[in-house]
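This report concerns only the one structure given below.
The values are calculated or read from the model by the stated rules, or taken from the named source; none is laboratory data. Everything quoted here is computed from the prediction, not taken from an experiment. We place every Cβ from the backbone using ideal geometry, glycine too, and count neighbours over all the protein chains shown. Side chains included, ligands, DNA and RNA excluded: accessible areas come from the protein's heavy atoms. Shrake-Rupley method; radii C 1.70, N 1.55, O 1.52, S 1.80 Å.
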Amino acid sequence: MALFSQTSQQGFQALLWKCHMFWPVSRCRQLFAAALSIPNRKKINCFSFMTSSSTALPVDPKETDVLPTKKKSEIDCKEGKGLDEETKETPEGKFQFSSSVGAAKKWSMSHVLSRHKFSNVQPPEKPLQAEEWNKLREDFQSPEIFEEVMLNSMIRCNSPIDVAKSLLTHLAKRNGDIAYNMLVKYLTLCVQQGRVSEIRDVYDIMKVRFKILESGAYNLVIRGLSNSNQWRTALTVLEEIKKVMIPSRTCYESCIKAASRHQEMKLAFELYNEMLAKDVVPTLDVLQSFFDFSRGMKGVELQKELFGILLYLRENQIYPHKTFMRSIKLWFESLPGGNWRGHLTNIKDSGQCPVCKHQLEDSNLTEEEYSNLSERIIRDVIHGTDTFRKTTPKELEAFQTFVENRLPFDIVIDGLNVSHVKSRRMQCENLFDAVNCLAKENARLLVLGRKHMLTNSSNWKREIMKEMQNKADFFFAENISEDDAFLLYATLRSGKHCRFVTRDFLRDHKACLSDSLTRHLFRKWQRGHQIVFFPSAEGRSITFLPALRYDCVVQTTGDTWHIPYKDVFEEKISYQVPRKWLCIQQKL
């Protein structure tokens, strides 16, 4: 998309790139605004990034109080440091817009691979003139992506802004325009260095040039502004985004943290509740920040909001990591006059807390809950339009007949899942160990297998399979079938006592349940019936942990809170429940 109309572009370019040599910058701004038919706004400043280093406008150092510019010595260019995790949310080639409406385009795989070949290109240490950039471009192996590779290198090495400005000046003079993805890369560098004036300038220019920005560009703008003393401007940008799309999680969380840092917790929670209402899932990082920034603060409403976060963890079976858990503990203990005290502990198999002696919630469902859940799963998951189930009506009917003729079972095993527990052993040996271990107490076992297990092969020995079939019932589904639905059906039809063995989290089947209450019951039933297994320390056997008799979720009695936690952050939800707890008591 051109910065100016095609009819006036050539004449304006001549004016644009020469006027700063003769006139004050303020006059150049007026000309730029007039040429675009927009009001003469203080913050629209084309020359703040389109001039050489000798004429670039100075940046107010007070605008970078939160995200200071890093020194060159602090950046390891070769190792690619200086581009943090949030900046990486704008991957190379992601911001490709059409010339008419700014619609995203996909780069070809060959283009992506060609850029990776130049990941170690070193940018110049000082601004270059046009002829110097031309010389570097001519000598470059792939001139057509020279500017993109160079800007990526500047981001990686945290190059001085003036170096990037001189490259964009050269690019605009040569092409008469600067592509969207080039502007985003420059914006990334500005955000990385906390250059707030440049962030605002580029955003204003991009708004004029493009009808709608890509979400990654909005993320950068809001992140850069929220980490400065102009953080309220980020709220204005957030409102602008709402007019065209649902803001991303990064946008919401950057604004939430900015409000929290400035002790505006009411505003922070308004944004948090808004993102939940829009089904934008918060990260543990922003949830933890609420407890960190609220430490020692008074207010009944604030306390209710933070209790609400703990209940959010409960409803979604989220386990905080150790650092998050400590923030929760410190917040409770900092409440003025609250007299809360927290202790770390391990809950006994009986479900009683060793610290406060409270009995945790039972993992078993009531008869009514179990009956309702069983009916809903069989209706919605087994017989419903479960898109994750790959089987045929004929096979499903055969399986149901097989199960009904052999009920009840004590343990249902996902055979293929268990067979992969130790990669260096034959799959049939892994399954054989599991069956032998689980059959020790004369438990009735059902193993769900695949037909390829019956074919004598390097992983599936016929004699071992025959020996296992003497100790357990086996149902062999087609090789392409999805056996999770079979697992659920056999377990539920066997009764409340029956447990199941798999490392799958079964989240797809939970999603098929239509209401939140049923999904909650499904997770509670799963927590109390799924047997966890893993290879032993020496790798010679499989260790099984029985399903817990108590429910492993955040729970409260009013004057106590019990919060299960994990030692480290886990990006993906695990089927394993933690064994460590934070017990918080209020001493009255």
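Residues in the stretch 436-450 that are surrounded by fewer than 22 Cβ atoms within 10 Å (Cβ to Cβ) and more than 35 Å from the chain's Cα centre (by Cα): Asn436, Cys437, Ala439, Lys440, Glu441, Asn442, Ala443, Arg444, Leu445. Would you say Arg249 is in contact with a Pro (Cβ under 8 Å, 6 or more places away or on another chain) and open to solvent by 20 Å² or more (accessible area, probe 1.4 Å)? Criteria met by Arg249. The helices (runs of 4 or more DSSP H) falling completely within the stretch 124-179 that include 3 or more residues that are closer than 21 Å to Val191 by Cα and touching a Gly at 6+ places or on another chain (Cβ under 8 Å) map to 146-157. A single member of Ile199, Ile205 is over 23 Å from Pro282 (Cα atoms), among the hydrophobic types (A, V, I, L, M, F, W, C), modelled with pLDDT of 95 or more and assigned to a helix (DSSP H, G or I), and it is Ile199.
When each of Leu306, Leu313 is tested for being in contact with a Phe, Trp or Tyr (Cβ under 8 Å, 6 or more places away or on another chain), within 17 Å of Pro336 (Cα to Cα) and hydrophobic (A, V, I, L, M, F, W, C), the lone residue that passes is Leu306. Filtering Gly528, Gly558 for residues that are open to solvent by 20 Å² or more (accessible area, probe 1.4 Å) and small (Gly, Ala, Ser) leaves a single hit, Gly558. State whether the residues of the stretch 172-182 include one that is under 33 Å from the mean Cα position of the chain (by Cα), within 17 Å of Trp231 (Cβ to Cβ) and of a type in the set (A, V, I, L, M, F, W, C). So far as the stretch 172-182 goes, no, none of its residues is under 33 Å from the mean Cα position of the chain (by Cα), within 17 Å of Trp231 (Cβ to Cβ) and of a type in the set (A, V, I, L, M, F, W, C). In the stretch 530-588, the qualifying residues are those that are modelled with pLDDT of 80 or more and among the basic types (Lys, Arg), and the one that is farthest from Val281 (Cα to Cα) is Lys587.
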